[in-house]
1. Restrict the check to the range 429-451 and report whether at least one residue is in contact with a helix residue (DSSP H, G or I) (Cβ under 8 Å, 6 or more places away or on another chain) and of a type in the set (D, E).
2. Out of curiosity, is A415 touching a helix residue (DSSP H, G or I) at 6+ places or on another chain (Cβ under 6 Å) and of a type in the set (A, V, I, L, M)?
3. Assess whether L496 counts as being closer than 24 Å to A597 by Cα and modelled with pLDDT of 85 or more.
4. For the range 414-463, name all the residues that are more than 36 Å from the chain's Cα centre (by Cα) and β-branched (V, I, T).
5. Can you tell me which of M244, M268 is more than 27 Å from the chain's Cα centre (by Cα) and at pLDDT below 90?
6. Restricted to the range 607-647, and to residues that are open to solvent by 50 Å² or more (accessible area, probe 1.4 Å) and among the hydrophobic types (A, V, I, L, M, F, W, C), which residue is farthest from V435 (Cα to Cα)?
7. Among the candidates P375, P356, P392, which residue alone is surrounded by fewer than 18 Cβ atoms within 10 Å (Cβ to Cβ), of a type outside the set (K, R) and within 21 Å of L640 (Cα to Cα)?
8. Could you tell me whether A597 is in a helix (DSSP H, G or I), under 34 Å from the mean Cα position of the chain (by Cα) and not hydroxyl-bearing (S, T, Y)?
Amino acid sequence: MKKTTTNTIKPKQISNHHTDEVKEEPKLEIDREGNILSSPMDWHVPESEIEAVPGQERDELEGEREEERELKESKRDDADEDREESIAARFKKHPEEDQGSVEAKRDDAADERSREPRPARVVKHKDEGRRSARAASEDQNQNNTRNKEDHIPDDFEALKKLLEKQVGLNQSFDVVFREMVFGGHKTGIFYYNGFAKDTVLTMILDRLSDAEIGERQIKGDTTESPIDHQEQGGKGHATVQLFMDAIIPHIQVKQTDKLSEVIDNVSMGASCFFFEGATSAIVVDAKSFPVRSTEEPDLERVVRGARDGFVETLLTNVTLLRRRIRDPKLKLEMLRAGRRTHTDICMAYIDDICDPHLVESIRDKIQQVEVDGLPLAEKQLEEAIVGRGWNPYPMVRYSERPDIVSVHLLEGHVAVFVDTSPSVIILPTTFFHHVQHAEEYRQTPAVGTYLRWVRFIGIAASLFLLPLWFLLVTSPELKPAGFEFLGPQKSGKLPLLVQFLVAELGIDLMRMAAVHTPSPLATAMGLVAAILVGDVAVKTGLFVNEVILYLAIAAVGTFATPSYELSLANRLARLALLILTAVFKIPGLVIGCTALALYLSTRRSYNAPYMWPFIPFNVKALTEILLRRPFLARKNRMSLTQPTDNSRQPK
């Protein structure tokens, strides 16, 4: 048996021959490894004495102490090696000697070495080395365990145990592992019940039922041997190759030898075929998602134009995009984020138009996202890669229309698709991207310009109408000639500022109620809001008629804003301007408008100025914003995205 060392060596009594005085040896403290932690009989010079020695002499003492320490360590290591070699040689010479006695002698030698005084600093370094070695060993064991679990075992019992541990087989009701026999080979089908596409899997199983794997033939077919592929040396590779090349009639099939890759694909809807005796598997992309049809988005309706829109399925969305842009330079890069959700993210751009630095920047930001998951899809991804904090104004543009996304890609923008979301992120964007609508480009240039200006006026009214009216009413001397009629004829029971704030909150409350109200009850809710909140509040004297009128105009301008996110941000800005005007009058309105303009001018969306082309000023680009020019008159792309190909029309 191996001896164990205690934490304290008991003191031994030493008798003095000249007197009756009995002395004790100093108590030696040791650690679990048998190393002495401290010793009053240490050989080195005390630290206090070294500190007391002046500069150069102190350096010489420290150098001598280091040399002596290294020399003693070297001698001790040589002695340890000699003892080990001696014990090994003795055991070889006398094999009949008990192995336990040799172990005991080795332990005695270790105990004897542990009682030797040893410098504290060397022990500390050795302990750190042991801890580092132990940590490295644990990391290596974890990596080995992970690699072992990522390997596909050739035995189904071991495979099912791994699936039980990693995906909850036999615990989650929708995780299925079906064992069947085809052509004399035991086959396991692994899939999630809700994702499996019955028609495709039934066709594959019918073909597998007619297979004779032993003779490498298929009844009724002309194939006698599989297509030659480069062998990867995996166990049972010939069987897997035959199934993949000649038996499974599906176009989206791939072979893998990693269990983690199998689990990732199955969690995305694929089905996997395992073969007993083989260390690789076949993944068949036969999935069926619960999806809705491609309908026109509610927030981006047009009178004339396409009626399709993005849905919650990523593959359907990129297909709608490919249908409109058939350029082989259109790139669709697949990324993934979320440690638990493994959310698929697709970054779309046109290779010879989009700025490569912009693409690289967005790709790096997405790859650096380290979160548990993205269950809210594009909104959480936007906050992760843009990081705008408490800024209420949108730094990206959302769209659910494939034609709008296609137009932006042709301008040099980058579109980011997130699985499970119909909204697509467009980068970079400016303030003026949020005030344009597809309806303007579906009409003639003259009509489109008129509609654009009407929309601009509505957006400006939603932002500045209420503060201006409040300022003119509270300061009658500021009314211009001919506008003396502005202002209420009689005052209400509540102050004007309170009336505006209560009415604003009431409109927001009705808007939220309309979102959560079922469609059959929406009409009834509108009648209740119009009669009770509007008419009754005015008749009772709580509100003034003009307050309701101007607030309704501002609300209409808010609803006319194409971007829903921009309309909400403008509502907050309007409330802030209204409060500043009520408190500080003219200086409050001027300071508030200036602060808002400066704030927006200093914002950037992926190195693109948010107020471009107004700040910094660009005449040509500003003309494109103010006027809806004819299609053939627009020969060059905007410089905002710094496109590599600046020409819109081929020469």
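1. Among the residues of the range 429-451, at least one is in contact with a helix residue (DSSP H, G or I) (Cβ under 8 Å, 6 or more places away or on another chain) and of a type in the set (D, E), which makes the answer yes.
2. Yes; evaluated as a whole, the condition is true for this residue.
3. no
4. Listed by number, the residues that qualify are T444, V447, T449, V454, I457.
5. Result: M244 is the single residue among M244, M268 that is more than 27 Å from the chain's Cα centre (by Cα) and at pLDDT below 90.
6. Residue satisfying both the conditions and the ranking: L632.
7. So the residue among P375, P356, P392 that is surrounded by fewer than 18 Cβ atoms within 10 Å (Cβ to Cβ), of a type outside the set (K, R) and within 21 Å of L640 (Cα to Cα) is P356.
8. It is true that A597 is in a helix (DSSP H, G or I), under 34 Å from the mean Cα position of the chain (by Cα) and not hydroxyl-bearing (S, T, Y).
The values are calculated or read from the model by the stated rules, or taken from the named source; none is laboratory data. All values reported here derive from a predicted model rather than from experimental measurement. Virtual Cβ from ideal backbone geometry, glycine too; neighbours counted across all protein chains shown. Quick note on the areas: whole protein, heavy atoms, side chains included, nothing else; ligands and nucleic acids left out. Shrake-Rupley method; radii C 1.70, N 1.55, O 1.52, S 1.80 Å.
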